[in-house]
Amino acid sequence: MRIAFFDTKPYDRDFFDKYGEMNDISFKYYETKLNEDTVGLANGSDGVCVFVNDTVNATVIDKLTEMGIKIVALRCAGFNNVDMKHAYGKIHVFRVPAYSPYAVAEHAMALLLTSIRRIHKAYIRSRDFNFSLSGLTGFDLHGKTVGVIGTGKIGRVFVDICRGFGMKVLAYDIFPAKEFDNGDTVRYVNMDELLANSDIISLHCPLTEDTYHLIDKNAIDKCKKGVVIINTSRGALVDTDALLEGIKTRKIGAACLDVYEEESDLFFEDNSGHIMEDDTLARLISMPNVIVTSHQAFLTREALENIAQTTVNNIVEFTKNNQCPNELCYKSGEAVDCKDGKCFS
């Protein structure tokens, strides 16, 4: 079986080659992203393998089906870059629902600790042999309240980490995890209560029509003064203009971002030799209380191997059984996991 692999990075190849060879799957690697202009590269393949910033819109889907391609294998959990409504009945879409919740949750905490203890600033100073402590005062996490929006696998791991620091947890999820609320250190609350009472807010939910700009001006106005915002999920969960305004007015004390809503043409690439044309991102990065990393929360050896293994297993399952437990479909106006493995998406 031949799979056209888009948006390839060096760290992708080792594990995909390993599991591909084990299952008689040949990957043709392309550094370019999949979009309307590059979809022709997939001609002659049996499927495509794509990542978060590849474009799988209606036009791309139609061109793939015209070429006889039946598989879109996402090597990620999110699928907001796929037009699932249009894909239904035309092409099979698989995803990796969980690869390493620890990788993302631990990165979220790493960003938080780096920010509140000014580690990034201390590192730069000490490189110049400047050991002054002026301006490096942080605050304890112990006893603080963290609001966790989204209590799937990643969110629950992040909660466990926070509890290890002695933090209190306010959680929000439209599908609460059973027996997660202990009535004391972890409580489910409505969104307004979470916003009003959290010292730190961390986002761990998918990007959907309902969660687009979940953190907007209205939400920020409801927050505590000095709140810390962490986003390691999807950039468009946060209205960046509202975030900037909140930082400027001192309503937001700090922002820790591994994702950005206009990241698709910037992240995963070396832009150091170019003028930054995205003024919003340039302003964010210039602010002393903002940390931006390049969508790297998933990037651990364990996660990369799990992604490759699950993606290949998805392809093998479909090839052998004409169905896959990690298939997505479109039902009742939304994209959902195909629980029975029999829904054609």
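Results, tabulated for the structure shown:
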item	result
First in segment 284-302 and of a type outside the set (D, E, K, R), second anywhere and open to solvent by 80 Å² or more (accessible area, probe 1.4 Å), Cβ under 6 Å, 6 or more apart	Val292/Ile285
Looking only at segment 249-272, and only at residues there that are more than 24 Å from Ala98 (Cβ to Cβ) and not in a loop (DSSP other than H, G, I, E, B), the one that is most open to solvent (accessible area, probe 1.4 Å)	Gly253
Candidate set: segment 59-81, residues that are open to solvent by 10 Å² or more (accessible area, probe 1.4 Å) and at pLDDT below 95; chosen: the one farthest from Val259 (Cα to Cα)	Lys70
Cβ pairs under 8 Å, 6+ apart, first in segment 38-58 and touching a residue at least 12 places away in the same chain (Cβ under 8 Å) and open to solvent by 20 Å² or more (accessible area, probe 1.4 Å), second assigned to a helix (DSSP H, G or I) and not hydroxyl-bearing (Ser, Thr, Tyr)	Gly40/Lys63; Asn57/His86; Ala58/His86
Residue, farthest from Lys168 (Cα to Cα), within segment 93-136, restricted to residues that are aliphatic (A, V, I, L, M), under 24 Å from the mean Cα position of the chain (by Cα) and not in a helix (DSSP H, G or I)	Val93
Residues located in segment 249-266, provided they are closer than 13 Å to Thr280 by Cα and in contact (Cβ under 8 Å) with a residue 60 or more places away in the chain	Glu263
Members of segment 1-37 found to be among the aromatic types (Phe, Trp, Tyr) and surrounded by 15 or more Cβ atoms within 10 Å (Cβ to Cβ), listed by number	Phe5, Phe6, Phe15, Phe16, Tyr19, Phe27, Tyr29, Tyr30
All helices (runs of 4 or more DSSP H) inside segment 137-248 with 3 or more residues being open to solvent by 10 Å² or more (accessible area, probe 1.4 Å) and among the hydrophobic types (A, V, I, L, M, F, W, C)	153-164
Segment 317-335, residues that are within 22 Å of the chain's Cα centre (by Cα) and either basic (Lys, Arg) or modelled with pLDDT of 70 or more (or both)	Pro325, Asn326, Glu327, Leu328, Cys329, Tyr330
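The values are calculated or read from the model by the stated rules, or taken from the named source; none is laboratory data. As the structure is a prediction and not an experimental result, all values here were calculated from the model. Neighbour counts are summed over all protein chains in view; Cβ atoms, including those assigned to glycine, are modelled from backbone coordinates with ideal geometry. The area values use the complete protein model at the heavy-atom level, side chains included, leaving out ligands, DNA and RNA. Shrake-Rupley method; radii C 1.70, N 1.55, O 1.52, S 1.80 Å.
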